[in-house]
Amino acid sequence: MSKSPVFGFLLLLLFIAIAIALAANATVATPVSVTQQFKEAPQFYNSPDCPVIVDEDESDGQDSSILCSDQAVHVAMTLDTAYIRGSMAAILSVLQHSSCPQNIAFHFVASATANASLLRATISSSFPYLNFRVYPFDDSSVSRLISTSIRSALDCPLNYARSYLANLLPLCVRRVVYLDSDLVLVDDISKLAATPLGDDSVLAAPEHCNANFTAYFTPTFWSNPSLSLTFANRKPCYFNTGVMVIDLDRWREGDYTTKIEEWMELQKRIRIYELGSLPPFLLVFAGNIVPVDHRWNQHGLGGDNFRGLCRDLHPGPVSLLHWSGKGKPWARLDANRPCPLDALWAPYDLLQTPFALDS
């Protein structure tokens, strides 16, 4: 039986509708982070007893003296579209709990292939008075050294940028607090930044000496005497590299970037660890860092690297909450499957939702 012209016309309309739907889905598939809009954060002011940092020389059109001042608290973070929402929350938390927020200088490292102007504009629109600069990071400088790890997100070249801060930041920046993008502070960052590093230590971080340190390296590593002797005369303890106080002058003097790269080159030839950028730091620094109170990195709130299940806080006081691990609070909140502690991150979320009402 022949089909009527009306049937053919309806079939044509159906194909057009399907094509339109596919095109719409393709548009939605564009990375959401690029089009996210964020609210403007409140402006935060110094308390009366904060040192006054005067802009002495802005002749280059880029640097103000605060970005080089020893009186400033220098904070380094990576910046990309995938984690921009977390970065915005972290910045807000730092400023909100600081007694001298106008004396904080932010140094953001972004991939050289990223849209730096968009990232810069996003930060400026929410934090118009923020003292910051964005530094391009050449992914190719480290991508050749990266070995696959247990979670693909750990293999992003920008995840290794913390090893290159001494090369990326100006020489006038002598000490920096490095922070991951999946954390919030609930205490004054100046307390962390003032951690004494002694006569020769390069960095400080909370240590966890009760962790099974051997688990961070493969049997190949431990069965090779020339490798396992790396930790001879050291008491190596695990520390999370998402929160560190780093003396950049000492890092440069000791050429620690090269030392980390040498371990990464060995990993390409002989698999000696499974995680991403953490093990090279442990190989170089574990047992030789200044321990910081655990309150400054309540880490692991994102769960393990495989399932990202909910976790509780570690015992003791809290100055910094860190959602390290697979689960990120913004993703779980969006999926309407938050963990209880994600409610502690939510107040710092600056995402502008289409249905948000001004209070």
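The values are calculated or read from the model by the stated rules, or taken from the named source; none is laboratory data. Since we're looking at a predicted model, the values are computed, not measured. Cβ sites come from the backbone with ideal geometry, for glycine too, and all protein chains shown count toward neighbours. Areas reflect the complete protein model, heavy atoms only, side chains present, ligands, DNA and RNA absent. Shrake-Rupley method; radii C 1.70, N 1.55, O 1.52, S 1.80 Å.
At a glance:
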{"item": "Cα-based equivalent ellipsoid of the stretch 137-263: semi-axis lengths in Å, sorted from largest, via gyration tensor", "result": "24, 20, 17"}
{"item": "Largest-first ellipsoid semi-axes for the stretch 192-328, taking √(5λ) over the Cα gyration tensor eigenvalues, angstrom", "result": "24, 21, 13"}
{"item": "Mean Cβ count within 10 Å, highest first, over the residues of peptides 211-219, 103-111, 179-187, 340-348", "result": "179-187, 103-111, 340-348, 211-219"}
{"item": "Range of Cα positions in the stretch 229-282 per principal axis (Å), largest first", "result": "32, 25, 22"}
{"item": "Amide H contacts of residue 175 (H built 1.01 Å from N, under 5 Å, at least 5 apart or other chain)", "result": "248"}
{"item": "Overall Cα dimensions of the stretch 285-349 - principal axes, largest extent first, Å", "result": "42, 26, 20"}
{"item": "Equivalent ellipsoid dimensions for the stretch 84-126 as semi-axes, Å, which come from the Cα gyration tensor, largest first", "result": "22, 11, 9"}
{"item": "Around residue 286: net Lys/Arg minus Asp/Glu count, Cβ-Cβ under 10 Å", "result": "+1"}
{"item": "Portion, in percent, of the accessible area of the stretch 167-304 that falls on carbon or sulfur, probe 1.4 Å", "result": "49 percent"}
{"item": "Rotationally averaged projected area of the stretch 190-266 (alpha carbon convex hull; nm²)", "result": "6.4 nm²"}
{"item": "Other-chain or far-sequence residues with amide H under 5 Å of residue 244's (modelled H)", "result": "178"}
{"item": "Trypsin sites (Lys or Arg not before Pro) within the stretch 159-240, DSSP loop, no more than 14 other Cβ atoms inside 10 Å", "result": "234"}
{"item": "Accessible area per residue in Å² at 1.4 Å probe, computed on the stretch 237-359", "result": "47 Å²"}
{"item": "Span per principal axis, largest first, for the Cα atoms of the stretch 160-231 (Å)", "result": "43, 30, 28"}
{"item": "Dipole of the stretch 207-322, positive direction: furthest Cα of 217, 297, 256, with charges on the beta-carbon", "result": "217"}
{"item": "Accessible area in the full protein assembly, largest first, 1.4 Å probe, for 328, 235", "result": "235, 328"}
{"item": "Loop-located trypsin sites (Lys or Arg not before Pro) in the stretch 270-352, at most 15 other Cβ atoms within 10 Å (DSSP)", "result": "271, 307"}
{"item": "Span from the the stretch 270-303 Cα centroid across to the the stretch 67-142 one, whole angstrom", "result": "23 Å"}
